[in-house]
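A.B. asks: Following this message is one structure expressed as structure tokens.
The values are calculated or read from the model by the stated rules, or taken from the named source; none is laboratory data. Just so we're clear, the structure is a prediction, and the values are computed from it rather than from any experiment. FYI the Cβ positions are ideal-geometry reconstructions off the backbone, even for glycines, and counts take in every protein chain you see. With ligands, DNA and RNA removed, areas are computed over all heavy atoms of the protein, side chains included. Shrake-Rupley method; radii C 1.70, N 1.55, O 1.52, S 1.80 Å.
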Amino acid sequence: MRLRHAMLAIGALVAGGAASATAHAAPCRNGIWTMCEIHRADMSRAVISGKNMRDLKMYDSSLSRVVMDNARAQGAQFIRTRMSRITAHNIMLQGGSLMGSQISRAVFNGANLSNVDFTGAQVTRSTFRGANFTGARMTAARFRRVDFSGAIWTDGQTRCREGSYDRCLR
């Protein structure tokens, strides 16, 4: 039943309508994803570019081939979420979380990821060119075949040089 409610909420959000995801979640209205809570949802092929997703909470869900370019997602939490082949150019995710998420073939170029919690995240075959990682927490995060060229690193001062794969080369 919870999954059914989550899917109804997602359908309404993508369409710009109103819905309530679960009994525990705040309702989502007028296509704004602000402070919604979503559990175990499959959002494959959703286009949520430019949406306000501030403080969204998404748990154990799947985002495959999702377009999130220019989304305003400050404080959003994508916990244990599978993100495959997503594009999130210039997303504003500062203060959010990707804790325990599996991210593959994603594009986060120009993203603001300052103070994002990457604890336990596994990131493969992705690009973060020119992204801002100031204050990001990367405890036990694993990066494999990831391009950090031109990114601002966690200290807020170091810019990763061209050819920074899997780690920031100073």
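A.B. asks: Could you name every one of the strands (runs of 3 or more DSSP E) located completely within segment 48-138 that has at least 1 residues being more than 18 Å from residue 165 (Cα to Cα) and of a type in the set (A, V, I, L, M)?
C.D. replies: Per the criteria, 57-59, 62-64, 77-79, 82-84.
A.B. asks: Among the residues of segment 40-88, write down those that are among the β-branched types (Val, Ile, Thr), open to solvent by 20 Å² or more (accessible area, probe 1.4 Å) and either more than 17 Å from residue 107 (Cα to Cα) or modelled with pLDDT of 95 or more (or both).
C.D. replies: 67, 87
A.B. asks: List the number of the failed condition for residue 170; all other conditions in (1) in contact with a Leu (Cβ under 8 Å, 6 or more places away or on another chain); (2) modelled with pLDDT under 95 hold.
C.D. replies: Result: residue 170 passes all but (1).
A.B. asks: Evaluate segment 102-112: report whether one residue or more is open to solvent by 10 Å² or more (accessible area, probe 1.4 Å), more than 24 Å from residue 40 (Cα to Cα) and either β-branched (Val, Ile, Thr) or in contact with a Phe, Trp or Tyr (Cβ under 8 Å, 6 or more places away or on another chain) (or both).
C.D. replies: Of segment 102-112, the ones open to solvent by 10 Å² or more (accessible area, probe 1.4 Å) are 102, 104-105, 107, 109-110, 112.
Subsequent filtering for residues that are more than 24 Å from residue 40 (Cα to Cα) retains 109-110, 112.
In the following step, the residues that additionally are either β-branched (Val, Ile, Thr) or in contact with a Phe, Trp or Tyr (Cβ under 8 Å, 6 or more places away or on another chain) (or both) were identified as 109.
There is at least one residue in segment 102-112 that is open to solvent by 10 Å² or more (accessible area, probe 1.4 Å), more than 24 Å from residue 40 (Cα to Cα) and either β-branched (Val, Ile, Thr) or in contact with a Phe, Trp or Tyr (Cβ under 8 Å, 6 or more places away or on another chain) (or both).
A.B. asks: For segment 63-101, name all the residues that are among the small types (Gly, Ala, Ser), closer than 16 Å to residue 40 by Cβ and touching an Asp or Glu at 6+ places or on another chain (Cβ under 9 Å).
C.D. replies: Answer for segment 63-101, where residues must be among the small types (Gly, Ala, Ser), closer than 16 Å to residue 40 by Cβ and touching an Asp or Glu at 6+ places or on another chain (Cβ under 9 Å): just 64.
A.B. asks: Shifting gears a bit: Considering only segment 144-166, state which residues are of a type in the set (D, E, K, R) and open to solvent by less than 20 Å² (accessible area, probe 1.4 Å).
C.D. replies: 147
A.B. asks: Another question, if that's okay. Can you name every residue in segment 142-159 that is in contact with an Asp or Glu (Cβ under 9 Å, 6 or more places away or on another chain) and assigned to a loop (DSSP other than H, G, I, E, B)?
C.D. replies: Matches in segment 142-159: 148, 149, 150.
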